[in-house]
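Down below is the structure, laid out as structure tokens.
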Amino acid sequence: MRSNWVLNYFHEVLKKHHAGYFVLIDPEQCEIEKCVKLASEIEQAGADAILLGGSFLTNDLHHIAKALKQETELPLVLFPGDSMHLTPHADAILYISLISGRNPNYLIGEQVKAAPWIQRYALKPIPTGYMLIEGGNKTAVEFMSGTTPIPRDKPDIAGPHALAAQYLGMQMVYLEAGSGAVHSVPEEMITTVKNQISIPIIVGGGIRTPAIAAKKVEAGADFIVTGNILEENGSLELMKAFANAIHG
Ligand code: 1GP
């Protein structure tokens, strides 16, 4: 039995719905009143958790996380760009290692700097193999991490990366095309990865319609993340449509 209640909750979501829906709030784009309203709508829409994070941060994460937490019962999960993106006002953290890259700072450096703070803040760490997949444009995470994404037509390269994550003991794999990607992660790659691992797969980046989200789930995605599309067009109806498409 896992002692991490957020990870347990994710597995309960998968038992109940087969696939889950995370909505990403980028604190850098967050005007507090708008974000608090969005958090409440995310819950009403039937999403399963809120991810909070981005590649670059100059806003006050403590203030934003505290306000979001007061508004919603959903788990608030940090999705950090680096070891400075931490706050005690969240429930958990995707403890990501950028395994598609070969930059030691994002493989282990930031994780070491963050570890004592995660302990101090009593955040539940969710060890996650983070894989950047070419999405048709240069994304913030590619630039900030100085790593090369896996080519989108090379599922045979993605598969062993995901398997290595599982063998290293990671609890999830995140296939990331990057926020605002022109092309989302190809279904063929999702299926190839799915066939090689048994830990849940998160897929995000450039997913703009519920129909596309449903295709990713059909291909093998366990959790779908949307960010930009809601920040741009944030609407309860659209989020409901995503939640329904993903939950089937
Ligand atoms: C980015 O996967 C997330 O890390 C979400 O991407 O903003 O393109 O939906 P979008």
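The values are calculated or read from the model by the stated rules, or taken from the named source; none is laboratory data. All figures in this text were calculated on a predicted structure; none of them were measured in a lab. With ideal geometry, Cβ positions are generated from the backbone for all residues, glycine too; neighbour counts draw on all protein chains shown. Note: areas computed on protein heavy atoms with side chains; ligands, DNA, RNA excluded. Shrake-Rupley method; radii C 1.70, N 1.55, O 1.52, S 1.80 Å.
Some points to look at:
- Test for Lys16: is it of a type in the set (Lys, Arg) and at pLDDT 95 or above: yes
- The C-beta contact set for the range 174-199 (first residue touching a residue at least 40 places away in the same chain (Cβ under 8 Å) and within 20 Å of Ile126 (Cβ to Cβ), second residue more than 10 Å from the ligand (Cβ to nearest atom) and open to solvent by 10 Å² or more (accessible area, probe 1.4 Å), distance under 7 angstrom, 6+ apart or interchain) comprises Tyr174/Ile96.
- Enumerated helices (runs of 4 or more DSSP H) restricted to the range 92-180, each holding at least 3 residues that are under 26 Å from Ile197 (Cα atoms) and within 15 Å of the ligand (Cβ to nearest atom): 140-145
- Residues (part of a helix (DSSP H, G or I), surrounded by 19 or more Cβ atoms within 10 Å (Cβ to Cβ) and charged (D, E, K, R)) located in the range 200-230: Lys216
Residue-by-condition table, conditions (1) out of contact with any His (no Cβ under 6 Å at 6 or more places or on another chain); (2) open to solvent by 20 Å² or more (accessible area, probe 1.4 Å); (3) of a type in the set (Phe, Trp, Tyr); (4) in contact (Cβ under 8 Å) with a residue 40 or more places away in the chain:
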{"residue": "Ala39", "(1), (2), (3), (4)": "yes, no, no, no"}
{"residue": "Ala45", "(1), (2), (3), (4)": "yes, no, no, yes"}
{"residue": "Asp48", "(1), (2), (3), (4)": "yes, no, no, yes"}
{"residue": "Ser55", "(1), (2), (3), (4)": "yes, yes, no, yes"}
{"residue": "Asn59", "(1), (2), (3), (4)": "yes, yes, no, no"}
{"residue": "Ile64", "(1), (2), (3), (4)": "yes, no, no, no"}
{"residue": "Glu71", "(1), (2), (3), (4)": "yes, yes, no, no"}
{"residue": "Leu78", "(1), (2), (3), (4)": "yes, no, no, yes"}
